[in-house]
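Accompanying notes for the structure given below.
The values are calculated or read from the model by the stated rules, or taken from the named source; none is laboratory data. Please read all numbers here as calculations on a predicted model, not as lab measurements. Counting neighbours? That spans all protein chains shown, and the Cβs are built from the backbone with ideal geometry, glycine included. Accessible surface is based on the protein model in full, side chains and every heavy atom, while ligands, DNA and RNA are left aside. Shrake-Rupley method; radii C 1.70, N 1.55, O 1.52, S 1.80 Å.
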Amino acid sequence: MIALNQILFAVLVLSAAISAATALYALARRAAPGALPLSGFMLSMSVYAAAYGCELLAADVAGITLCLRIEYLGISFLPPLYILTVTEMYAREKTRMRAGATALIAVSIATLLIHFTNGHHHLFYASVGIDSSGPFPVAALAEGPWYWIHIAYVNIAQLYCNVLLLKMLAGSQSRERGQAAIMLAGSFIPWAGLVAYLLGFSPWGIDINPFTLSVTGLILAWGLFSRKIIDLTPVAYDALFRHLPDGVVVLDDAGRVTDINPAACRMTGFDGAVVGLPAREVLPLPPDDACEDDVINDCQMHMVEGTSPEKYLDLRATPLLESSGRTIGRLLTMRDITETRKLEMTIRTSEKRLRAEIARVRNIQAAMLPDFSRAGGYDIASAFLPAEELSGDFIDGFPDGDSAYQVIICDVMHHGMASAYIGMEIRSLFRALSVNCPGPGCLIGDVNAKLTEDFAAIAYFATVAVCRLDLAAGKLLYSSGGHPPSLIHSEGSGAIRETDFTGPLIGLRKDNRYAELEISLEPGDSLLLYTDGVTESRSHVGGKMYGRESLAAEFRKNAGTTSKETIHSIIAGLFEYTDYAPLEDDISIICIKRSK
């Protein structure tokens with residue numbers, strides 16, 4: 001016949017096995033909050049139960065003492081591991097509580113060491129004997145002072161965890177209360193068993209704690225496998241849901257509101273009373289045709305709520321899926337983008353106003369293009385192609401007395417509004433100072449001096465080329481400041497040559513000097529002035545620059561035509577070379593041809 005202690009041993013071994021399996025399951029899910037300390041807690045319970053089962057089979061003091069030492073490998077660490085489990089799974093202030101629970105491990109280690117060395121000081125047990133009054137021998141223990149310290153330690157830890165769980169049970173949503181109830185049930189049963197054992201109500205002096213802890217193990221195992229305790233973090237979920245700055249509304253598969261957070265209530269003006277109502281009746285949802293179905297399916301749009309003042313919400317709907325892939329509802333998130341939308345509208349208004357102003361300036365630039373018809377005896381044409389709405393390049397031409405005509409081409413650094421303003425200022429300087437200058441070199445020098453004086457703080461610079469045409473003699477004086485060399489085509493020989501360097505950039509040093517070149521144009525000869533936007537244009541394939549050689553070849557090929565036709569051919573060839581890509585720099589060209 002099987003003895004009672006053998007039956008109890010089998011029960012405790014089975015309980016230990018269940019606790020160990022639960023520990024392994026929790027360890028496999030260690031990424032979940034509370035999984036690691038729960039795994040340790042269940043493993044400690046397993047050690048305790050298995051070792052006590054062996055103690056019930058022991059027949060002498062030596063065997064009982066050995067089993068007790070093994071039991072305390074688990075018993076000593078149950079309090080801090082349980083605190084860590086509850087703290088990680090449910091507590092709000094985890095960092096502080098985690099630190100306190102970790103510190104308690106030092107008490108557990110002290111308990112273990114005192115128990116192992118009890119034979120030297122008897123602080124844990126005053127004596128260890130055998131009580132044979134029952135159906136089988138059990139340990140007869142005389143408690144020492146540290147034993148009662150350990151009991152107080154266990155009870156305080158149990159009380160602390162139960163308070164946390166009661167708070168969670170009272171403050172959580174209905175779906176989390178069942179999980180808190182599972183943990184409380186698993187907590188109160190061994191606590192009651194401990195009290196019964198300390199008061200002497202256990203039969204034959206048997207320690208009933210391993211049995212009550214076995215019940216706890218079974219409850220937690222059921223919670224893990226059926227209710228998935230460590231898969232959800234109720235308080236963390238509740239804190240996240242309630243305190244998110246974005247509005248969140250949970251819809252069921254019929255489109256009804258099942259939950260709504262405070263942020264969504266503030267945004268929509270509704271409250272928890274909307275729970276259970278169809279979402280489209282109470283929330284500012286997009287029109288039916290904006291999404292794939294009546295419940296909203298993965299759409300994003302800006303909504304204007306019919307309130308005063310207007311409120312703009314950004315809405316997103318995401319399906320909630322079961323593990324099988326079946327849709328069980330929608331998660332609707334909303335963000336108040338009123339301030340962002342107002343800022344966008346302000347920016348659009350400012351941008352519209354700015355573009356209107358830019359268009360006016362561009363029209364002014366176009367209106368300022370010169371009329372070269374007053375340069376008698378010369379066929380002059382020009383082209384002006386800005387890379388942006390506004391250009392720093394400018395072309396100008398105006399009479400200089402009765403027998404001369406000034407032609408100017410200028411390229412201000414960069415392009416855009418600032419360059420356009422500087423360019424217009426330089427144009428005005430050339431016109432104003434040409435009265436007192438007999439030649440282009442003197443004129444460029446005076447403009448350079450004034451430019452460096454007026455714009456010293458911003459250090460803007462430009463390149464410029466100036467031609468003063470002698471309308472009667474067919475000769476011209478030429479000077480440039482840092483400008484690309486102009487091209488001269490001789491109709492008689494068909495040769496093309498470049499003008500020499502006559503001076504540096506304008507706008508950097510006040511005392512620059514600029515030389516002059518005298519150029520004779522025979523009837524049919526041409527002079528081509530251009531900005532570097534022409535020669536520095538790049539091919540669509542390979543990025544090679546157009547270059548002066550290509551420009552000279554195109555100029556020679558078309559020099560026998562009118563100035564206007566020459567420029568049109570050059571621009572057409574240039575656009576073909578770049579495969580009509582957007583301009584990288586402003587392009588300006590002037591062709592001056594001596595009439596036959």
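The table that follows gives values for the structure above.
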read-out: Ratio of Rg to Rh over region 180-220 (Cα coordinates, Kirkwood Rh, two decimals); value: 1.03
read-out: Exposure rank, largest accessible area first [115, 568; 1.4 Å]; value: 568, 115
read-out: Sequence of 111, 346 when ordered by accessible area, the most exposed leading, probe 1.4 angstrom; value: 346, 111
read-out: Cα-based Rg of region 382-521 normalised by 2.2 N^0.38 Å, two decimals; value: 1.04
read-out: Inter-site label distance for residue 553 and residue 345 at 7 Å from Cα along Cβ, in nm; value: 5.8
read-out: Principal semi-axes in Å for region 449-507 [√(5λ), Cα gyration tensor, largest first]; value: 30, 14, 6
read-out: Cα-based Rg and Dmax for region 328-418, where Dmax is the largest Cα-Cα distance (Å); value: 24.0, 91
read-out: Cβ crowding within 10 Å averaged over residues, with 371-378, 199-206 ranked highest first; value: 371-378, 199-206
read-out: Given 311/352; 352/593; 510/557, the pairs whose alpha carbons are separated by over 31 Å; value: 352/593; 510/557
read-out: Region 487-596 shape via C-alpha gyration tensor axes, a/c threshold 1.5; value: oblate
